[in-house]
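Encoded as structure tokens, the structure appears first; notes follow it.
The values are calculated or read from the model by the stated rules, or taken from the named source; none is laboratory data. Remember, predicted model here, so these are calculated numbers, not experimental data. Methodologically, a virtual Cβ is constructed for each residue, glycine included, from the backbone with ideal geometry; neighbour enumeration extends over all protein chains shown. Keep in mind that these areas ignore ligands, DNA and RNA; they rest on the heavy atoms of the full protein, side chains included. Shrake-Rupley method; radii C 1.70, N 1.55, O 1.52, S 1.80 Å.
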Amino acid sequence: MTSEALTRMIRSAISSLGRRSLQALRRLRRAPYLRKWLILSTLIGAVAGIGAIAFITALEWASKLMLDGLGGYSAPSPIGEGNAAGSGVFARPWAIPLVVGLGGLISGILVFRFAPEAEGHGTDAAISAVHHNPRGIRARVSFIKIIASAFTIGAGGSGGREGPTAQISAGFGSMLARVLDLTPEDARVAVTVGIGSGIGAVFRAPLGGAVLGAEVLYREDFEVVALIPSLIASIVGFAIFGVVKGFTPIFGFMHGYRFRHPVELIYYAGIGVAAGLLGRLYSSSFYGVSRAAKRLPGNRMLKPAAAGLVVGLIGLALPGTLGTGYGWVQRAMGQSLLEIPLWVVLALPFAKIVATSLSIGSGGSGGIFGPGMVIGGFLGAGAWRLLEPVAPGIPHSPAPFVIVGMIACFGSVAHAPLALMLMVAEMTGSLELLAPAMVAIGLATLVVGDKTIYESQLRSRADSPAERLRFGMPLLSSIATKDAMSTPRLVLPVDASCAESLQRVRSHGLSGAPVIDASGVYRGAIEADLIEQAQPDERVGSVVDGTAPAVPMDSTLDAPGEILASGDARWVPVLDDQNRVVGIVAAADLIHGYRLALETALRRMGETFRGSSLIERRISDDSTLAGKAIAEIAWPPGTIVIAAQRDHQMIFPRADTQLEKGDVLSVLARMDAVESVTALIGEQTRSDDGRGADLV
């Protein structure tokens, strides 16, 4: 066998293995909840851990090159990251503003040239994706986010590292949703899991990260369905990250602090109120600067550089504003806090707000989670310095005040109190301050009110486009997408020119069309306005939106309905098992399908009459119903299968729904057919005579 033949054989085997693996993963769409998310969460968690390692490595390299090398200054680091004392002085103070500005310039060029979605703090963009387009995070965003954030923070810009890591793993969750054609609900969970696992890995706080992913989506609610997958992914990400970077908590193990007397709660309550006010100031300042930066004239690529110059000047007076600031928080937790001038301790929270607003709000790349904890930590440190000489019952160490300040400040303005309490406890290796922290964060949350640092947060699940659709049109989950879709009027090949494609789209009176490759596989969608912006001789394949949502043919109509309800699409392609376009669902198809479902339901209800009986029974092991579709069963006339409960999950059945042993059926039957229906189903689930509850 020649080497060329061997090479072809190996490539063919790899390609075949890849196709089989992809097909196996796609079958997860129909797998039970735990089995499906055990596999998907493990994959997302692995990417979260690897992504966190990649970003921290890039950040360390950028810091040595920029702030350490060019600027001649090294910041202190926390215990979990080496506990370095830092240089203490500026070897080249004139270079600091220039270096921070250079980092902002590099970040601005990367972001606005290659991936504008990477602008800002990342976590908010991921939250927005969960609510509106979970399949829409482009793969390049994660890569650009790593590099741009590394240069922003590594050069001394004020930012946190949770935004980049959250966007990396959230982006992978989004990619999984596209590749595996996950349902919109599963796609939202995948991106949510990515947010929590990325943050949990980089902060070595798997439990807090998992809870944060489920909590940060809403101001007054919790995404329960994402909690178990987030726990799995966070543990995997934490384990992978810890193997390379260590498992020591960022701020070490803070033991020896006790809540000793209820009078201490007065001090923690005061910290909570102050933290709430500071959180409101943080949010207002950040978004104020962000809006002002967008309104100011000039090239957007240059604005982070100009902001970096200002941040560098602030850093000369208050070095704690440069970079993440975690090393300064570590110093504030011990007696070395007394070595820092009081005016610096008191000014640092406000200076950090300004520096973060400029570094990230101007268009730079980085997180705002970490700076929020630094702001709150120095609020607590300042309170301890002011109260310790004069007030009774003050802890002998500033650490309790610093820890509670971190929790209360950012936990309140992020509307994630439970997650922040758990995360800071994991980052300090101590649960002993949870009681005072609960008092502080409760009061801080009251002070913050509806203000939030994440503008994409919704108030509750009821405000989610998907939930509004589910509540308003509940029958959508009982309608097969293939029964409501229409035939696509136009499908564009990837090698068609933009001029030709625009002419074809307009001649059909369409707003856009799906795009396929030479094999007929769906590659994305394109809108007319996007084609107009391209060069006439440019190929459609080079400008197609590969993240455009699509739904599998075997889904129910609530899947395309959720996409249409989000407002990000006017039509949704429908794909078969080979990822080929077989239909289109637009708003008109959605309404038409729902109308037919209503007519069918009313017609079936008309076959019953007053005095029918509602029966609830479990399909027994010897029942003939197991393994059959509802439409295949010879139900007595007038019988309606309302719902089926399977493994604590409620299923609203369609004609092709397969019944299984153990399913609990809720069936509406005429009185003269009750005995036939109960005998057909089998096992009794109630303590009555098996006839259920008569409806009058």
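Report yes if Gly101 is over 26 Å from Ala550 (Cβ atoms), in contact (Cβ under 8 Å) with a residue 60 or more places away in the chain, open to solvent by less than 10 Å² (accessible area, probe 1.4 Å) and touching a Gly at 6+ places or on another chain (Cβ under 7 Å), otherwise no. Judged against the criteria, Gly101 is a match.
Could you please let me know if Ala597 is farther than 18 Å from Arg178 by Cβ and open to solvent by 60 Å² or more (accessible area, probe 1.4 Å)? Taking the combined requirement at face value, the residue does not satisfy it.
All conditions but one from (1) in contact (Cβ under 8 Å) with a residue 60 or more places away in the chain; (2) closer than 20 Å to Thr152 by Cβ; (3) open to solvent by 10 Å² or more (accessible area, probe 1.4 Å) apply to Ile314; the one that does not is (1).
The residues of the range 335-358 that are touching a helix residue (DSSP H, G or I) at 6+ places or on another chain (Cβ under 7 Å) and either in contact (Cβ under 8 Å) with a residue 60 or more places away in the chain or among the hydroxyl-bearing types (Ser, Thr, Tyr) (or both), listed by number, are Leu337, Pro349, Lys352, Ile353, Val354, Ala355, Thr356, Ser357, Leu358. Of the residues making up the range 274-288, those that are open to solvent by 30 Å² or more (accessible area, probe 1.4 Å) and under 14 Å from Asp450 (Cα atoms) are Leu277, Arg280, Leu281, Ser284. Taken over the range 292-327, residues that are closer than 17 Å to Gly366 by Cβ and either of a type outside the set (A, V, I, L, M) or in contact with a His (Cβ under 7 Å, 6 or more places away or on another chain) (or both) amount to 13.
Would you call Ala91 surrounded by fewer than 18 Cβ atoms within 10 Å (Cβ to Cβ), out of contact with any Leu (no Cβ under 6 Å at 6 or more places or on another chain) and modelled with pLDDT under 85?
Details: surrounded by fewer than 18 Cβ atoms within 10 Å (Cβ to Cβ): yes; out of contact with any Leu (no Cβ under 6 Å at 6 or more places or on another chain): yes; modelled with pLDDT under 85: no.
Judged against the criteria, Ala91 is not a match.
Restricting the range 215-245 to residues that are outside any helix (DSSP H, G or I) and charged (D, E, K, R), the residue that is most open to solvent (accessible area, probe 1.4 Å) is Glu220. Of the strands (runs of 3 or more DSSP E) lying entirely inside the range 611-684, those containing at least 1 residues that are without any contact (Cβ under 8 Å) to a residue 24 or more places away in the chain span 640-646, 649-651. With respect to (1) within 28 Å of Phe114 (Cβ to Cβ); (2) at pLDDT 90 or above; (3) surrounded by fewer than 24 Cβ atoms within 10 Å (Cβ to Cβ), the lone exception for Ala293 is condition (2). Residues of the range 348-372 that are modelled with pLDDT of 90 or more, under 25 Å from Met333 (Cα atoms) and of a type in the set (A, V, I, L, M): Leu348, Ala351, Ile353, Val354, Ala355. In the condition set (1) among the acidic types (Asp, Glu); (2) at pLDDT below 80; (3) touching a Gly at 6+ places or on another chain (Cβ under 6 Å), Glu599 is compliant with all but (3). Restrict the check to the range 536-547 and report whether at least one residue is of a type in the set (Gly, Ala, Ser), open to solvent by 20 Å² or more (accessible area, probe 1.4 Å) and within 17 Å of Met485 (Cβ to Cβ). No, there is no match, as no residue in the range 536-547 is of a type in the set (Gly, Ala, Ser), open to solvent by 20 Å² or more (accessible area, probe 1.4 Å) and within 17 Å of Met485 (Cβ to Cβ). Against the numbered list (1) farther than 19 Å from Ala46 by Cβ; (2) part of a helix (DSSP H, G or I); (3) open to solvent by 10 Å² or more (accessible area, probe 1.4 Å), Ile127 comes up short only at (3).
For residues that are among the basic types (Lys, Arg) and at pLDDT 85 or above, scanning just the range 435-481, find the one that is surrounded by the most Cβ atoms within 10 Å (Cβ to Cβ).
Of the range 435-481, the ones among the basic types (Lys, Arg) are 451, 459, 461, 468, 470.
Pick out the ones that are also at pLDDT 85 or above and you get 451, 459.
Working: Lys451: 17, Arg459: 14.
By that ranking, first place goes to Lys451.
Out of the range 159-192, which residues are modelled with pLDDT of 85 or more, closer than 22 Å to Leu34 by Cβ and of a type in the set (S, T, N, Q)? Within the range 159-192, Ser169, Thr192 qualify. Using the structure shown, decide if Phe251 is open to solvent by less than 50 Å² (accessible area, probe 1.4 Å) and not in a loop (DSSP other than H, G, I, E, B). Spelling it out, it is not the case that Phe251 is open to solvent by less than 50 Å² (accessible area, probe 1.4 Å) and not in a loop (DSSP other than H, G, I, E, B).
Pairs meeting the criteria (first residue in the range 495-519 and free of Cβ contacts under 8 Å to residues at least 24 places away in the same chain and under 18 Å from Ala569 (Cα atoms), second residue open to solvent by 30 Å² or more (accessible area, probe 1.4 Å) and of a type outside the set (Phe, Trp, Tyr), beta carbons under 7 Å, at least 6 apart or on different chains) are Leu510/Arg489.
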